[in-house]
1. Each label point is 7 Å from the Cα along the Cα-to-Cβ direction; what then is the distance between the points at ASP66 and ARG45, in nm?
2. Can you give me the relative contact order of the stretch 40-110 as a percent, contacts being Cα pairs under 8 Å and 6 or more apart?
3. For ARG43, what charge total do you get from the other residues with a beta carbon under 14 Å from its beta carbon, if Lys and Arg give +1 and Asp and Glu give -1?
4. Go through the stretch 61-77 residue by residue and turn each phi into a ³J(HN,Hα) via Karplus (6.51, -1.76, 1.60, θ = phi - 60°); whole Hz please, and just put x for glycine and proline.
5. Taking every alpha carbon pair in the stretch 40-110, what does the distance histogram look like in 5 angstrom bins from 0, in percent?
6. So if I place +1 on the C-beta of Lys and Arg and -1 on the C-beta of Asp and Glu, and nothing else carries charge, what would the dipole magnitude of the stretch 50-96 be about its Cα centre? I want it in debye, nearest 20.
7. By how many nm would the segment from GLU94 to MET14 lengthen if fully extended, with 0.36 nm per residue of separation less the alpha-carbon distance?
Amino acid sequence: MSSRDFANFGAGLMEHVPQLVLVAVIVGVIWILSRPRVVFVLRIRDGIPVVVRGRVRDALLRAVEDICRENGITSGTVTALPCGRRARLKCSAEIPAACQQQLRNVLLSEWR
């Protein structure tokens, strides 16, 4: 490829930069809008809940940590999804049903 060919290639590529930027912006907006809306996401590691997304009161974090310790939960994910004026919990498979109910009860008491 000669220097003249390279210059022509570069000039041709520059003509398409605005279209490429527009496509990138559109893809980014679609990606952001397609993500499920969540109130918060907690990831439990070694029995300690860590906030991954959203905002959670310290009292709720302590309550989740207590429930995990009482039930021997060392890992998992708790996601709160908006459902009207309340939230619906979605828990990973590592969290047994009885523990999920305790988490729902704590969340309900925190949101009153």
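1. Using points 7 Å along Cα→Cβ, the separation is 2.5 nm.
2. 30 percent
3. Numbers: positive: ARG45, ARG53, LYS90; negative: ASP46, GLU65, GLU94.
Local charge sum for ARG43: 0.
4. Per residue, the Karplus-derived 3J(HN,Hα) values read 4, 5, 5, 5, 4, 4, 5, 5, 5, 5, 9, x, 7, 10, 8, x, 9 Hz.
5. So the P(r) values, bin by bin, are 3, 18, 33, 31, 12, 3, 0.
6. So the magnitude is around 400 debye.
7. 23.7 nm
FYI, it's all coordinate maths here, none of it is from the lab. It should be emphasised that the depicted structure is a prediction, and the values quoted were computed from it without experimental measurement. When we count neighbours, we look across all protein chains shown, and the Cβ atoms used for this are built from the backbone with ideal geometry, even at glycine.
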